[in-house]
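First up is the structure itself, then whatever we jot down about it.
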Amino acid sequence: MQVLDPDEPVSIGAMVGPEAFTEVRYLAHYKQLRALSLIPELASRFHAEFGRDSGGLLRTYHADEAETLVVAMGSVNGTIKDVVDEMRADGTSIGCVTITSFRPFPLPEVRTALERARRVVVGEKSLSVGLGGVLASNVRMALRGHSLPVSTCIAGLGGRPITKKSLRGLFEKAARDERDDVTFLDLRWDVVNEEVERMNAIRRSGPIAENILRSMGIQATSG
């Protein structure tokens with residue numbers, strides 16, 4: 001722990017030069033790896049003290065023996081659990097895994113939670129442009145050497161609503177093994193295709209955002 005000592009004042013800038021940068025970054029990595037064992041320990045102590053769950057590394061919901069497992073982080077899991085309940089009531093073998101520690105990422109725990117499933121769907125509200133889902137990349141790393149298929153669903157970008165109807169359609173398609181590596185939930189393909197045709201016709205990108213808003217009948221504003 002670092003403390004301020006008026007008798008021995010020290011000023012440390014935000015940058016570290018090349019002579020120490022590798023060591024500083026390694027120690028940050030080292031501390032993150034230590035947290036992998038500390039988080040479950042502290043979660044157990046929290047539960048003993050307060051009688052409720054603080055999160056730990058991950059949570060499972062109807063995951064035992066589920067053929068389809070949905071992996072996600074954050075508030076979207078509430079909606080996912082509602083859809084899981086509805087689909088299980090209709091006889092679909094589905095469950096979900098909530099990641100509560102993204103960094104450090106619990107690779108062994110995620111593998112153990114997922115390896116008995118037949119398929120994995122990763123739902124996430126982030127996109128690594130040119131690659132796909134950020135969380136899915138970590139899930140695939142946890143399952144390296146395992147033949148379990150993993151698909152990604154990008155949803156909720158920019159605050160777009162994630163509905164039970166759309167999720168259910170996605171999960172039912174996955175359960176039938178009709179999967180794409182990356183799916184963009186509720187994507188307006190008509191708008192996207194129109195802009196792609198426009199870009200191909202004029203051979204330059206142009207003001208994409210303005211064109212899409214115009215196609216949707218939305219007036220762009222400046223401020």
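The values are calculated or read from the model by the stated rules, or taken from the named source; none is laboratory data. As the structure is a computational prediction, the values presented were derived from the model and not from experiment. All Cβ positions, even for glycine, are placed from backbone atoms using ideal geometry, and neighbour counts span all protein chains on display.
Could you please give the count of residues in the stretch 114-127 that are more than 13 Å from His146 (Cα to Cα) and either in contact with a Lys or Arg (Cβ under 9 Å, 6 or more places away or on another chain) or crowded, with 18+ Cβ neighbours inside 10 Å (or both)?
5
Taking only pairs six or more apart or across chains, which ones have beta-carbon atoms under 9 Å, a first residue in the stretch 68-80 that is assigned to a helix (DSSP H, G or I), and a second residue that is among the small types (Gly, Ala, Ser)?
Close Cβ pairs satisfying both conditions: Val76/Gly123; Val76/Ala155; Val76/Gly156; Asn77/Gly123; Ile80/Ala72; Ile80/Gly123.
Can you work out which of the residues in the stretch 94-113 that are hydrophobic (A, V, I, L, M, F, W, C) and out of contact with any strand residue (DSSP E or B) (no Cβ under 9 Å at 6 or more places or on another chain) is surrounded by the fewest Cβ atoms within 10 Å (Cβ to Cβ)?
Phe102
Filter the stretch 138-161 for residues that are farther than 16 Å from Phe184 by Cα and free of Cβ contacts under 8 Å to residues at least 12 places away in the same chain; which is surrounded by the most Cβ atoms within 10 Å (Cβ to Cβ)?
Top of the filtered list is Arg140.
Would you say Glu172 is at pLDDT below 95, at negative phi and not in a loop (DSSP other than H, G, I, E, B)?
Answer is no for this residue.
Could you please find all residues in the stretch 109-143 being over 18 Å from Gly95 (Cβ atoms) and in contact with a helix residue (DSSP H, G or I) (Cβ under 9 Å, 6 or more places away or on another chain)?
If the condition is that a residue be over 18 Å from Gly95 (Cβ atoms) and in contact with a helix residue (DSSP H, G or I) (Cβ under 9 Å, 6 or more places away or on another chain), then Lys125, Ser126, Leu127, Ser128, Leu131, Gly133, Asn138, Met141 are the ones that fit.
Name every residue in the stretch 54-90 that is farther than 20 Å from Val150 by Cβ and exposed (fewer than 12 other Cβ atoms within 10 Å of the Cβ), in order of residue number.
Ser75, Gly78, Ala89, Asp90
Condition first: closer than 28 Å to Val120 by Cβ, in contact (Cβ under 8 Å) with a residue 40 or more places away in the chain and outside the structural domain of Leu135 (by TED's automatic domain parsing). Can you find one or more residues in the stretch 25-34 that meet it?
Looking through the stretch 25-34, at least one residue is closer than 28 Å to Val120 by Cβ, in contact (Cβ under 8 Å) with a residue 40 or more places away in the chain and outside the structural domain of Leu135 (by TED's automatic domain parsing).
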